[in-house]
Amino acid sequence: GTWDSSYVMVQHLNETSGILTDSTSYQNNGITIGTNPVNAKIDGGHQWDDNDRIIIHNFTHSPNALTVEAWVYRDNTQFIYIADKGIYSNTDTDWILYLRNNHSGNEGIDFSVSNHGSFIRKGDTPVGSWFYVTATYQTGNAALYYNGNVIGTGTGWPAIPNNYPHLGLGNDYNGTEGGYYPMTDVQIDEVRISNIARSSSWI
């Protein structure tokens, strides 16, 4: 009942070498460049240092519905991309879920679509402890969650484009973001993407 057919990628990130296997039938497997396996939150995850990244090649999402969720443990890196369907900078993305840290008055968890034309930026996250982040989109309506609670919503958003071929975890898929803002200890676990907007009760 947990892993229904609306999941299009479930990355448990518990592999210690080789391909990072998608647990759904969509075969959105990952390739790691530099990340290291760690104990993490749930039965193993990965740690990002410097310019590490995980790439999911040829990832296609629904233009009308999306849920992206992950457990995150962060350092003080100014920008941390949790999941990014695009390339460097938040203005070159189909969609992105990332953290803006140490930006007084303009920080928090950020979820956006269509080259950051529509976005929610709310909340704050702790350094050195695990937290759970979720973003949902359904036909123009978006919501952002922190540890299971809604912290922001958006309406009137456009459909989500598919202009960029690959998905990056912990970085953009080119690795450019980590080159500008190198990480020292970022851990991510349980990255899950659905082709529906999960309900608040489900989250």
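For the stretch 2-20, name all the residues that are on the phi < 0 side of the Ramachandran plot and surrounded by fewer than 16 Cβ atoms within 10 Å (Cβ to Cβ).
Scanning the stretch 2-20 gives Thr2, Trp3, Asp4, Ser5, Ser6, Thr16, Ser17, Ile19.
Which condition breaks for Ile87 when tested against (1) among the β-branched types (Val, Ile, Thr); (2) out of contact with any helix residue (DSSP H, G or I) (no Cβ under 9 Å at 6 or more places or on another chain); (3) surrounded by fewer than 22 Cβ atoms within 10 Å (Cβ to Cβ); (4) closer than 26 Å to Pro37 by Cα?
So Ile87 meets the others, but not (2).
Can you tell me which of (1) open to solvent by 30 Å² or more (accessible area, probe 1.4 Å); (2) at pLDDT 95 or above; (3) within 18 Å of Ile160 (Cα to Cα); (4) not acidic (Asp, Glu) is the one Pro37 doesn't meet?
Of the numbered conditions (1) open to solvent by 30 Å² or more (accessible area, probe 1.4 Å); (2) at pLDDT 95 or above; (3) within 18 Å of Ile160 (Cα to Cα); (4) not acidic (Asp, Glu), the odd one out for Pro37 is (3).
Of all residues in the stretch 160-189, how many are open to solvent by less than 60 Å² (accessible area, probe 1.4 Å) and either free of Cβ contacts under 8 Å to residues at least 40 places away in the same chain or assigned to a strand (DSSP E or B) (or both)?
The total comes to 9.
Among the polar types (S, T, N, Q), in contact (Cβ under 8 Å) with a residue 60 or more places away in the chain, closer than 23 Å to Asn14 by Cβ and buried (at least 20 other Cβ atoms within 10 Å of the Cβ), is that true of Thr93?
It is false that Thr93 is among the polar types (S, T, N, Q), in contact (Cβ under 8 Å) with a residue 60 or more places away in the chain, closer than 23 Å to Asn14 by Cβ and buried (at least 20 other Cβ atoms within 10 Å of the Cβ).
Determine which member of the set Arg198, Arg192 is in contact (Cβ under 8 Å) with a residue 24 or more places away in the chain, within 12 Å of the chain's Cα centre (by Cα) and open to solvent by 10 Å² or more (accessible area, probe 1.4 Å).
It is Arg192.
Rundown of residues vs (1) assigned to a strand (DSSP E or B); (2) under 12 Å from Tyr164 (Cβ atoms); (3) touching a helix residue (DSSP H, G or I) at 6+ places or on another chain (Cβ under 7 Å), yes/no style:
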position	(1), (2), (3)
Ile54	yes, no, no
Ser62	no, no, no
Thr67	yes, no, no
Trp71	yes, no, no
Asn76	no, no, no
Ile80	yes, no, no
Trp95	yes, yes, no
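Just a yes or no: is a residue in the stretch 123-141 within 15 Å of Ser89 (Cα to Cα), of a type in the set (A, V, I, L, M) and open to solvent by less than 30 Å² (accessible area, probe 1.4 Å)?
no
Count, please, the residues in the stretch 142-159 that happen to be in a loop (DSSP other than H, G, I, E, B), surrounded by fewer than 19 Cβ atoms within 10 Å (Cβ to Cβ) and in contact (Cβ under 8 Å) with a residue 24 or more places away in the chain.
Qualifying residue count for the region: 4.
I'm told His57 meets every condition in (1) crowded, with 21+ Cβ neighbours inside 10 Å; (2) more than 16 Å from Ile188 (Cβ to Cβ); (3) at pLDDT 95 or above except one. Can you identify the failing condition by its number?
All conditions pass for His57, except number (1).
How many of the residues in the stretch 160-189 are aromatic (Phe, Trp, Tyr) and within 14 Å of the chain's Cα centre (by Cα)?
Count: 1.
The values are calculated or read from the model by the stated rules, or taken from the named source; none is laboratory data. Keep in mind the model is a prediction, meaning the values are calculated, not measured. A quick note on method: Cβ atoms are made from the backbone with ideal geometry, for glycine too, and the neighbour counts reach across all protein chains shown. Please note that ligands, DNA and RNA were not included when accessible areas were found on the heavy atoms of the full protein model with its side chains. Shrake-Rupley method; radii C 1.70, N 1.55, O 1.52, S 1.80 Å.
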